[in-house]
Structure formats: structure tokens, C-alpha cells
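To start, the structure under review is shown below, and the notes come after it.
Please treat every number below as a calculation from the coordinates, not as lab data. Model, not experiment: these values are computed from the prediction. Reconstructed Cβ throughout: ideal geometry from the backbone, glycine too, with neighbour counts over all protein chains shown.
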Amino acid sequence: MSKIISLVSGIIFGIGLTVSEMIDPAKVLGFLNIFGDWDPSLAFVMVGALIISSPFFHLFKNNKKPIFAKSFNYTTNKEINKKLIIGSTIFGAGWGLAGLCPGPAIASLALLNINSAIFVVAMIVGFYLVKFSEPTTQAR
Amino acid sequence: MNVVNFTPAPAFLGGTLIGLSVVLFFVFNGRLIGISGIASNFLTSKDNRLDNFLFIVGLITGPILYKFFTSQEINISISNSFFLLSVAGLLVGVGTRVSGGCTSGHGISGISRFSLRSIIATLTFMIVGILTVLVKSLV
């Protein structure tokens with residue numbers, strides 16, 4: 001059953017990116033263009049998502065276990081360190097360059113757009129670069 | 001600043017769907033969605049590989065189903081510079097793995113549980129994203 005939930009969650013996430021138009025890099029770049037022609041839509045996507053996800057997270061986090069899995073499994077890493085800041089800075093630079101982050105980039109493969117595919121392949125190369133440079137750290 | 005192309009209603013509605021997806025994955029499967037983590041773990045780790053694979057399949061199927069059921073075209077405007085896309089993709093891949101999350105993992109899942117770490121990550125990548133767009137507009 002957990003497999004069906006994984007598929008359905010992915011589908012709903014993909015539809016959410018489509019309905020909100022965040023699948024379109026131009027909308028994301030519009031949000032980041034705060035000093036020019038600003039499109040605040042992305043902030044409304046975040047608010048819409050958080051209004052649903054945050055209360056339910058806090059409602060269910062103290063349950064003994066999730067419905068279809070043996071235990072809850074999510075990071076509780078609280079460390080605020082150089083890696084967090086450097087990584088977020090590198091990500092922010094890439095995000096601002098193309099207007100794509102991992103979710104919309106992968107979802108937009110549905111449109112058979114060669115440019116999305118180029119971005120996703122480069123992103124995967126990036127995943128592996130970090131994986132191979134930190135062999136002792138569990139990626140998550 | 002000049003507000004343009006603002007679409008608050010679909011943005012909010014789409015956002016609630018993304019929130020619902022996070023809730024389902026958490027309440028039923030016990031995990032918090034972060035797309036960079038799901039995608040990279042699918043490739044590099046055996047843990048939950050089938051779940052990660054099915055989520056990615058769903059993520060790509062979502063827009064196809066939307067198109068099929070609404071008969072609406074999904075138009076996106078994306079750079080066609082091979083160089084820019086490669087550099088941006090590489091930076092996004094490296095950055096999200098070094099910081100442990102992206103817009104979904106830190107920005108939605110992390111902030112949902114009031115993680116200060118995720119709030120700082122989100123502010124950082126947003127500020128850098130804004131500065132990157134500003135610099136691009138100047139050169």
C-alpha cells in the first residue's frame with residue numbers, strides 16, 4: 001500500500017506544480033525578480049502548501065507509527081553549519097540562473113522539453129559529485 | 001518594484017495540493033517529501049528505492065494527467081542555452097545535496113515542522129536567488 005501512496009503523492013505534487021504554474025521557470029524567475037517586475041505567486045504557493053502540511057505534521061508526528069510503514073523516517077538534523085549555508089548559496093545561484101529547482105525540473109520532463117532534460121542530467125551529475133566526494137555521509 | 005503576472009488563486013490552490021501530497025506521504029509512509037533527496041536517493045541508495053522511483057514517476061505523470069483531464073496546454077518558458085542549463089543544473093544538484101534539501105525539503109517540509117535549520121536554508125537560497133536574478137539583469 002505504501003507504494004500506491006508514493007505514486008499518488010508524486011502525482012498530486014506534480015499536479016500542484018502544474019496548477020500553481022511553478023512548473024514554468026518564468027514564474028519562478030518572476031518571483032526572484034523582486035527588484036524588477038515582481039510576480040509574488042510563489043509566496044502564495046508556499047503559504048498554500050504550509051497551511052495544509054504544517055498542522056497535519058504536528059497533528060500526526062506523535063502518533064506511534066505511520067499508517068503503512070513501521071516507523072516515521074525523517075531528518076531531525078538541527079545543525080546550522082557552514083555546509084548548510086554554502087549548499088543553500090550554491091543552490092540559490094543555480095535556481096536564480098535557470099528558474100528551476102528539482103521538483104519543477106523533474107515534473108517538466110513530462111512536457112518532453114529537451115532543455116528540462118539538459119538541466120536534469122546536469123543536476124544528477126551534481127548529485128553524484130557530492131555523493132562521491134562525501135563517501136561517509138548518508139545522502140538524504 | 002512593479003507587480004506583474006500575479007496569479008494568487010491558482011498559486012494558492014496548487015500550493016494546497018503540494019501540501020496535501022506532503023501530508024499523505026507523511027501520514028501513510030512516515031516520510032517528509034524533499035524532491036532532491038528522493039531523486040538523489042533513488043539513484044544512489046537502496047533504501048526505499050521503489051517508493052522513491054514511484055514518487056518520481058508520479059511527479060512526471062501529474063502534469064500529463066492534468067493535461068489529459070483539463071485539455072489545457074502547459075506552456076513553459078525555459079532557457080535554451082545549453083551552457084546556462086548545465087551550469088544551473090550542476091549548481092542545483094550540488095547545492096541541494098550539500099545543504100540537505102531544496103525548495104520542497106527545506107522550504108515546505110522543513111518549515112512545516114518549524115525547523116530553524118530549514119528556515120535559514122530557505123532564506124539563504126531565496127536571497128541568493130534574488131541576487132542572482134538581479135546580477136543577471138545588470139550584465
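Quote the charge dipole size of the protein assembly as shown about the Cα centre in Debye, to the nearest 20; the model charges only the Cβ of Lys and Arg (+1) and of Asp and Glu (-1).
1060
At 222 nm, what helix-only mean residue ellipticity would chain A give, in deg cm²/dmol to the nearest 500, using -39500 (n - 2.57) for each DSSP H run of four or more?
When only DSSP H runs of four or more count, the value is -21000 deg cm²/dmol.
In the neighborhood of A:Gly30, defined by Cβ-to-Cβ distances under 12 Å, what is the net charge if each Lys or Arg adds +1 and each Asp or Glu adds -1?
Working: positive: A:Lys27; negative: A:Glu21, A:Asp24, A:Asp37, A:Asp39.
That sum, taken over residues with Cβ under 12 Å, equals -3.
Return the sequence-ordered ³J(HN,Hα) values of the range B:126-133 in whole Hz as given by the Karplus equation 6.51 cos²θ - 1.76 cosθ + 1.60 applied to θ = phi - 60°, using x for Gly and Pro.
Calculated HN-Hα couplings, in order: 6, 4, 5, x, 4, 5, 4, 5 Hz.
Can you give me the orientation-averaged projected area of the convex hull built on the Cα atoms of the protein assembly as shown, in nm²?
Mean projected area of the Cα convex hull: 13.6 nm².
Along the charge dipole of the protein assembly as shown, pointing to its positive end and built from +1/-1 on Cβ of Lys, Arg, Asp and Glu, which listed residue (B:Met126, B:Phe26, B:Val57) has its Cα farthest out?
Checked the options; the winner is B:Phe26.
Assuming a ≥ b ≥ c are the square roots of the Cα gyration tensor eigenvalues, decide whether the range B:3-139 counts as rounded (a/c under 1.5), prolate (otherwise, with a/b larger than b/c) or oblate.
rounded
Excluding residues fewer than 8 places away in the same chain, name every one of the lysines whose C-alpha is closer than 25 Å to that of B:Lys67.
A:Lys3, A:Lys27
Per DSSP H run of at least 4 residues, take -39500 (n - 2.57); add these up for chain B, divide by its residues and hand me the 222 nm value, nearest 500 deg cm²/dmol.
After summing the helix terms and dividing by residue count, I get -23500 deg cm²/dmol.
Averaged over its residues, how many other protein chain Cβ atoms are within 10 Å of peptide B:64-70's Cβ atoms?
Whole-number average of other-chain Cβ neighbours for B:64-70 is 4.
From zero up to wherever the largest Cα-Cα distance of chain A sits, split into 10 Å bins and tell me the percent of pairs in each.
Whole-percent P(r) values from 0 Å outward: 9, 29, 38, 22, 2.
With each label point set 7 Å from Cα along the Cα-Cβ vector, what nm distance links A:Met1 and A:Leu129?
Distance between label points: 4.3 nm.
When you look at the Cβ of every residue in A:63-76, what mean number of other chain Cβ atoms sits within 10 Å?
Going residue by residue through A:63-76 and averaging, the value is 5.
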